[in-house]
Amino acid sequence: MLFSGFSAGIIHGLTNLTLVEPYLDEAIGIENQNLFASGEAQDSPSFWVEYNSYRNWQKGGQILAGGILGMSFGSLFGIIFAFSRKALPEGHDAKKALVLAAIMWFTIFLIPFLKYPANPPTVGDPDTVVLRGILFLSFIAISGFGALGFYRLSKKLQKRKKILSIIGYAAFMSIVFALMPTNPDEITAPIELVNGFRVMSLAAVLVYWVSNAIILGVLWQRFKPDKPIHTKTH
Amino acid sequence: MSKSRGITISKSEVPLYAIILLAGIFAFGLFVVGYDQGHIFSIVLGEDAYAEQFIHELTHDMRHAAGFPCH
């Protein structure tokens with residue numbers, strides 16, 4: 001679980017370098033221009049030396065951060081996979097893992113993303129970062145536990161009535177979506193930049209979930225950690 | 001004459017210690033990449049860590065790309 005999560009996280013980091021990084025560079029370029037315009041920084045060689053130094057640090061750090069975040073979500077994924085494996089569709093463990101990854105990506109990433117989408121640098125007031133962090137995490141938790149609750153409800157329903165649990169989850173999340181406060185920050189960056197960044201962010205996170213599911217599924221199929229042990233006694 | 005017999009031990013139950021360990025890794029990793037603003041290093045460096053924001057800078061790009069609020 002840790003290996004698959006970390007590996008998929010490294011893939012996520014590398015994907016970000018290709019897909020997301022151009023948007024980050026463009027957004028930080030706007031931030032720099034704002035700094036020069038306001039007089040907070042000077043467009044000098046020493047500025048660019050320092051800038052390139054910490055940007056290289058941030059870009060390289062993204063790979064390690066991807067590994068850590070990947071291992072983190074890989075742990076959560078592993079716990080849920082171990083518990084739900086028998087309830088997932090029959091077949092190869094990679095297929096089971098992909099089905100679960102699709103459900104988890106939808107409930108704890110896509111739904112929260114629709115309410116609180118990712119933003120590039122230049123968007124976001126430092127004074128509201130704690131509030132935004134709490135809102136984002138709360139929405140993930142509500143959606144995740146909501147999906148779990150309605151799944152448990154579906155187990156108690158007859159076959160034809162199981163659809164009610166999906167409708168129930170959709171209704172529940174619609175209410176939460178309407179009631180939760182919106183992101184308090186105004187978007188001041190060009191909307192093409194923000195939208196492009198968001199699409200690439202979505203795609204890169206999807207790459208993580210698919211990678212994690214395939215790696216874990218293949219490893220689970222190969223090593224079968226839940227295989228019963230047969231011993232002989234005399 | 002001794003008889004041998006087989007015992008099948010089912011490991012289908014997920015060990016509690018594994019769940020706690022994985023849940024801890026999940027929470028720690030989420031905090032490091034998504035939320036740390038100098039908190040972890042402040043244990044060693046004190047208040048300077050909040051200005052230095054070593055982990056924040058390290059995870060900055062992933063924080064944005066994965067959808068976490070950053071600035």
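The values are calculated or read from the model by the stated rules, or taken from the named source; none is laboratory data. This is a predicted model, so every value here is computed, not measured. We place every Cβ from the backbone using ideal geometry, glycine too, and count neighbours over all the protein chains shown. The area values use the complete protein model at the heavy-atom level, side chains included, leaving out ligands, DNA and RNA. Shrake-Rupley method; radii C 1.70, N 1.55, O 1.52, S 1.80 Å.
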Relative contact order for segment A:1-109: what is it in percent, counting Cα pairs under 8 Å that are at least 6 residues apart?
46 percent
Hydropathy first: keep DSSP H helices in chain A averaging at least 0.5 on Kyte-Doolittle, then drop any whose Cα extent along the axis falls short of 15 Å, and list what survives.
A:2-19, A:93-105, A:129-156, A:163-179, A:191-223
Please report the Cα spread of the protein assembly as shown along all three principal axes, rounded to whole Å, starting with the longest.
92, 48, 35
Roughly how crowded by other chains is peptide A:12-24, in terms of the mean Cβ count from those chains within 10 Å of each of its Cβ atoms?
2
Taking only protein heavy atoms and a 1.4 Å probe, the highest-to-lowest accessible-area order of A:Asp125, A:Asp185, B:Asp61, A:Asp43 is A:Asp43, A:Asp125, A:Asp185, B:Asp61
For chain A, what does the relative contact order come out to in percent, with C-alpha contacts under 8 Å and a separation of six or more?
37 percent
Could you put A:Arg85, A:Arg160 in order of accessible surface area, largest first, with the 1.4 Å probe and the full protein assembly present?
A:Arg160, A:Arg85
Residues of the protein assembly as shown: accessible area per residue with a 1.4 Å probe, Å²
55 Å²
Using 0.36 nm times the number of residues separating A:Lys227 and A:Lys86, minus their current alpha carbon distance, what extension gain do you get?
49.5 nm
Counting only protein heavy atoms, what percent of the accessible surface of segment B:31-71 is carbon or sulfur at a 1.4 Å probe?
62 percent
Relative contact order of segment B:31-71 (C-alpha contacts under 8 Å, at least 6 apart) in percent is 43 percent
Please identify, among A:Pro126, A:Pro22, A:Pro184, the residue showing maximal mean-square fluctuation in a Gaussian network model of chain A using a 10 angstrom Cα cutoff.
A:Pro126
Nearest 500 deg cm²/dmol is fine: what mean residue ellipticity at 222 nm does the protein assembly as shown get from its DSSP H runs of n ≥ 4 alone, each adding -39,500 (n - 2.57), divided by its residue count?
-24000 deg cm²/dmol
Placing unit charges on C-beta atoms (Lys and Arg positive, Asp and Glu negative, everything else neutral), compute the dipole magnitude of the protein assembly as shown about its Cα centre in debye, rounded to 20.
3320 debye
How large is the translational diffusion coefficient of segment A:1-148 in µm² per second when you combine the Kirkwood radius over alpha carbon pairs with Stokes-Einstein at 25 °C and 0.890 mPa s?
137 µm²/s
May I ask you to rank A:Ile187, B:Ile40 by accessible area, largest first, using a 1.4 Å probe over the protein chains only?
A:Ile187, B:Ile40
Share of pairwise Cα separations in segment B:31-71, more than 16 Å, in percent
27 percent
Using the alpha carbon gyration tensor of segment A:93-234, what are the three equivalent-ellipsoid semi-axes (square root of 5 times each eigenvalue), largest first, in whole Å?
36, 22, 14
What's the extension gain from A:Glu40 to A:Ala171 if we count 0.36 nm per residue and subtract their Cα-Cα distance?
42.3 nm
Within 10 Å of each Cβ of A:71-84, how many other protein chain Cβ atoms are there on average?
5
Put +1 on the Cβ of each Lys and Arg and -1 on the Cβ of each Asp and Glu in the protein assembly as shown; which of A:Phe3, B:Val33, A:Val129 then has its Cα farthest toward the positive end of the dipole?
A:Phe3
Rounded to a whole number, the mean other protein chain Cβ count within 10 angstrom for residues of A:58-66 is 6
Please name whichever of A:Gly78, B:Ala66, A:Asn56 sits farthest to the positive end of the charge dipole of the protein assembly as shown, dipole taken about the Cα centre and charges placed at Cβ: Lys and Arg +1, Asp and Glu -1.
A:Gly78
